[in-house]
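Structure record follows, encoded as structure tokens.
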Amino acid sequence: MSLTLSVLIALLTAFCGSLVAQDNPFFSTPTTPYQTPPFDRIKIEHYLPAFQEGMRLHKAEIDVIVQNPNPATFDNTIAAYDRSGQMLTNVAGVFFSLMSTMADSQRQELAGQITPLLTAHNDDIKFNEKFVARVKSVYDRRTSMKLTTEQLYLLENMYRGFVHDGSLLDEAQKGRLREINRDHAMLTLKFRENVLTETNNSYIVIDNQADLAGLPANIVALGAEAAEEMHLTGKWVFTTQKPSMIPFLQYAASRPLRQALYTAYFMRGDRDNDHDNKAILQKIFTLREERARLLGFATPASFTLDERMAKTPEAVDQFLRRVWTPALNRAKTEVSDMQAIIDAEKGGFKLASWDWWYYAEKLRHAKYDLDDSELRPYFTLDNVRKGAFTLAQKLYGITFAERSDIPVYHPEVKVYEVKDSDGHLLGLLYTDFFPRASKRNGAWSGSFRDAYYKDGRRVIPFATLVCNFTKPTAGAPSLLSIEEVQTLFHEFGHALNSIFANNTYHTGFVPQDAVELPSQIMENWALEPDMLKLYARHYQTGAVIPTTLVDKLKNSNMFNQGFDAVEYLAACFLDMAWHTLDKAVDVNVTQFEQNTLTSIGLIPEILPRYRSTYFTHIHGGYEAGYYSYYWAEVLDADAFAAFKDTSLFDKKTATSFRKNILEKLGTEDAMTLYKRFRGREPQVEPFLKRHGLM
Ligand SMILES: [Zn+2]
């Protein structure tokens, strides 16, 4: 079927181009309200021809830029490039959004065809020497050009992108870069495969029922199921996958078995067997060092951080150390709390890393117990969504009104018009809340179109908010867990960022460590008592959530925070240590890891969240970037403190947040924007307080 389809599409495109173009909705301006994507008319066979035509047009536009006989200027090169590729952007915006929400086999097949075409297309631009030379020529004269802040930021980031991609290297260097990238891709793939194999091969088998002591019935049942799958009927298997391992470590009374399972976990990739990752790590980091030097940077960390809000390895190190000391102190208190339990039980041993979850669970039960099923009735999906809309209205004066005449890609999708306090339209929001087979897991916010200015008028964005919440049943509405409530507020924050965006240009550059500020800040309001009063009502009685429950909820957020922070930060230090090395080839992996952890004073009761030999994040998008989770949290806690210091719905603070952050992120240096909002650099204290670390 799929083969037939692609052949058919190829034939149609080759011989019936004009015929296809006629009824292909991507080839003309939509007649829908606000020119939204005409989902009712888009068919799967429309995409490939639209992508091909989009790439052809884009290439022609680049040719015009390159062949311009006049010297390169901001407008004839940078702005012209920013304006180019509109058709391609339109079709890609729809296609890739639906790849996450409507990914049936036809669409997946098509993505497999389109992705290499797009990669080749982008490479043609990146390595078009005449084009890159024009960009560089504008960049070199940037200080004498009287550019606006936004123009300068766009230019510098565009140029930086070419530097990072190696577009400015000579032929021999480009050749070497290609080799490095190829070998690096192979090695990181091998690294990940090894982690997967090691994870699958690391488990414990229990054949004596007495060894299950302490485990709840549902966890025992999971162990039996896992054994069944391995043809070990009548036994129980617990694996090093976290959903299997964590409950076992939490509840299993057998200390030797906890030790066996946790050791199986933390020795993955470090067993000197066929799947050992130590030599691979040395090779990976040696290549990263060479790549960084080739592109003009001292270390892989300085290469990566060049594009981040933190900017330098030193700034990251300073940041980590500010949080580290209070976290470590808190963790030491947690150790003594747990040791006290062990001693009271006459255990006669010292707490070890494999004991942590077991005694932490005892502490949690005694001090922080909270039942999820008590909370859910107060959080129907509809109330939570309305709560988020109400919050945005209180802060920014904006309103949401459902439109039923705008085409959608699935019957469960709803579209809202978002209007400013003066009634003018800011953008559209598409919500899509329930799981289905063709939708990927998790929650996210994206867009079919981003905001920009055309002929002096703002083109409105079409933002999306996608989740996977439990569907309502005949008897009960969709009732959300606290995590899901926070997820909705979080993704809604991303969506607000898109809806308020006030970019002049299409291209925005938001650093990876700043991108979560608009979303994470929204989570703060979700559980504030004054906010809960506005939306958290029992779906049967209509009663507002009781204060006792809210207090319990706040209290439970303080549980085990020293441990969480320390295991996370230790992994951050490890990430930075690897990426600031300059001779990985000489390193003994085990010794290097041990030295790094000793130098920060890590206690033996806690291991880093990931040890080097299975730290997959730093080989898949978080290279010298694992710190950014807390970086973003420090930003959102500090930003939210500006509201707490005035009032929860303070209009003046909200307006400043909107004007400086939500409207401008991506158009100016993120730290400059933040300082304009807050009047100073971010401080860690609100974050530490939130986590009970001070
Ligand atoms: Zn997010």
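The values are calculated or read from the model by the stated rules, or taken from the named source; none is laboratory data. Note that the structure is predicted; figures quoted are calculated from it, not measured. Cβ: placed from backbone, ideal geometry, glycine included. Neighbour counts: every protein chain shown. Only protein heavy atoms, including side chains, enter the accessible area calculation; ligands, DNA and RNA are left aside. Shrake-Rupley method; radii C 1.70, N 1.55, O 1.52, S 1.80 Å.
Results, tabulated for the structure shown:
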{"item": "Options 274, 270; residue that is outside any helix (DSSP H, G or I) and free of Cβ contacts under 8 Å to residues at least 40 places away in the same chain", "result": "274"}
{"item": "Residue in the range 288-299 that is among the small types (Gly, Ala, Ser) and outside any helix (DSSP H, G or I) present", "result": "yes"}
{"item": "Pick from the range 244-260, criterion modelled with pLDDT of 95 or more and either among the small types (Gly, Ala, Ser) or over 30 Å from residue 364 (Cα atoms) (or both), ranking: surrounded by the fewest Cβ atoms within 10 Å (Cβ to Cβ)", "result": "253"}
{"item": "Options 130, 146, 126: the member that is under 23 Å from residue 666 (Cβ atoms), surrounded by fewer than 13 Cβ atoms within 10 Å (Cβ to Cβ) and not aliphatic (A, V, I, L, M)", "result": "146"}
{"item": "Any pair with Cβ under 7 angstrom, 6 or more apart, that starts in the range 175-193 at a residue that is under 13 Å from residue 623 (Cβ atoms) and ends at one that is at pLDDT below 95 and of a type outside the set (A, V, I, L, M)", "result": "188/619; 191/619"}
{"item": "Some residue of the range 493-502 being under 25 Å from residue 446 (Cβ atoms), under 26 Å from the mean Cα position of the chain (by Cα) and outside any helix (DSSP H, G or I)", "result": "yes"}
{"item": "The range 484-510 residues that are more than 21 Å from residue 428 (Cβ to Cβ) and of a type in the set (Val, Ile, Thr), paired with ones that are within 11 Å of the ligand (Cβ to nearest atom) and in a helix (DSSP H, G or I) (beta carbon under 7 Å, 6 or more apart)", "result": "none"}
{"item": "Answer residue from the range 669-681, given it is over 21 Å from the mean Cα position of the chain (by Cα) and touching a residue at least 24 places away in the same chain (Cβ under 8 Å) and is most open to solvent (accessible area, probe 1.4 Å) among those", "result": "678"}
{"item": "Any chance residue 536 is within 16 Å of the ligand (Cβ to nearest atom) and buried (at least 20 other Cβ atoms within 10 Å of the Cβ)", "result": "no"}
{"item": "In the range 68-111, the residues that are of a type in the set (S, T, N, Q) and either surrounded by 18 or more Cβ atoms within 10 Å (Cβ to Cβ) or within 30 Å of residue 153 (Cβ to Cβ) (or both)", "result": "68, 70, 73, 76, 77, 84, 86, 89, 90, 97, 100, 101"}
{"item": "The range 187-206, subset among the β-branched types (Val, Ile, Thr) and assigned to a helix (DSSP H, G or I), residue surrounded by the fewest Cβ atoms within 10 Å (Cβ to Cβ)", "result": "197"}
{"item": "Count of residues meeting criterion [of a type in the set (Asp, Glu) and either surrounded by fewer than 19 Cβ atoms within 10 Å (Cβ to Cβ) or under 17 Å from residue 648 (Cα atoms) (or both)] in the range 509-523", "result": "1"}
{"item": "Subset of the range 466-508 that is open to solvent by 50 Å² or more (accessible area, probe 1.4 Å) and under 24 Å from residue 39 (Cα atoms) - its residue that is nearest to the ligand (Cβ to nearest atom)", "result": "506"}
{"item": "Residue in the range 656-666 that is among the small types (Gly, Ala, Ser), over 30 Å from residue 555 (Cβ atoms) and touching a residue at least 24 places away in the same chain (Cβ under 8 Å) present", "result": "yes"}
{"item": "Test: residue 464 is closer than 16 Å to residue 435 by Cα and either of a type in the set (D, E, K, R) or modelled with pLDDT of 95 or more (or both)", "result": "yes"}
{"item": "Residue 621 in a helix (DSSP H, G or I) and under 24 Å from residue 265 (Cβ atoms)", "result": "no"}
{"item": "Residue match in the range 43-55 (condition: under 21 Å from residue 430 (Cβ atoms), free of Cβ contacts under 8 Å to residues at least 40 places away in the same chain and among the charged types (D, E, K, R))", "result": "yes"}
{"item": "Which listed residue is surrounded by fewer than 20 Cβ atoms within 10 Å (Cβ to Cβ) and among the β-branched types (Val, Ile, Thr), from 263, 304", "result": "263"}
{"item": "Residue in the range 435-457 that is farthest from the ligand (Cβ to nearest atom), counting only those that are of a type in the set (Gly, Ala, Ser) and assigned to a loop (DSSP other than H, G, I, E, B)", "result": "456"}
{"item": "Subset tally (residues that are open to solvent by less than 30 Å² (accessible area, probe 1.4 Å) and charged (D, E, K, R)) for the range 570-627", "result": "4"}
{"item": "Condition met for residue 208 (over 25 Å from the mean Cα position of the chain (by Cα), modelled with pLDDT under 95 and not aromatic (Phe, Trp, Tyr))", "result": "no"}
{"item": "Failed criterion for residue 526 (all others in (1) open to solvent by 50 Å² or more (accessible area, probe 1.4 Å); (2) within 16 Å of the ligand (Cβ to nearest atom) hold)", "result": "(1)"}
{"item": "Residue within the range 325-333 that is among the basic types (Lys, Arg) and either within 30 Å of residue 153 (Cβ to Cβ) or surrounded by 20 or more Cβ atoms within 10 Å (Cβ to Cβ) (or both) present", "result": "yes"}
{"item": "Matching residues in the range 448-457 - criterion: being under 25 Å from residue 516 (Cβ atoms), open to solvent by 30 Å² or more (accessible area, probe 1.4 Å) and touching a strand residue (DSSP E or B) at 6+ places or on another chain (Cβ under 8 Å)", "result": "449"}
{"item": "Flag for residue 511 being at pLDDT 95 or above, over 20 Å from residue 381 (Cα atoms), within 15 Å of the ligand (Cβ to nearest atom) and touching a His at 6+ places or on another chain (Cβ under 7 Å)", "result": "no"}
{"item": "Number of the condition not met by residue 463 [criteria: (1) aliphatic (A, V, I, L, M); (2) within 16 Å of the ligand (Cβ to nearest atom); (3) touching a Ser or Thr at 6+ places or on another chain (Cβ under 9 Å); (4) assigned to a helix (DSSP H, G or I)]", "result": "(4)"}
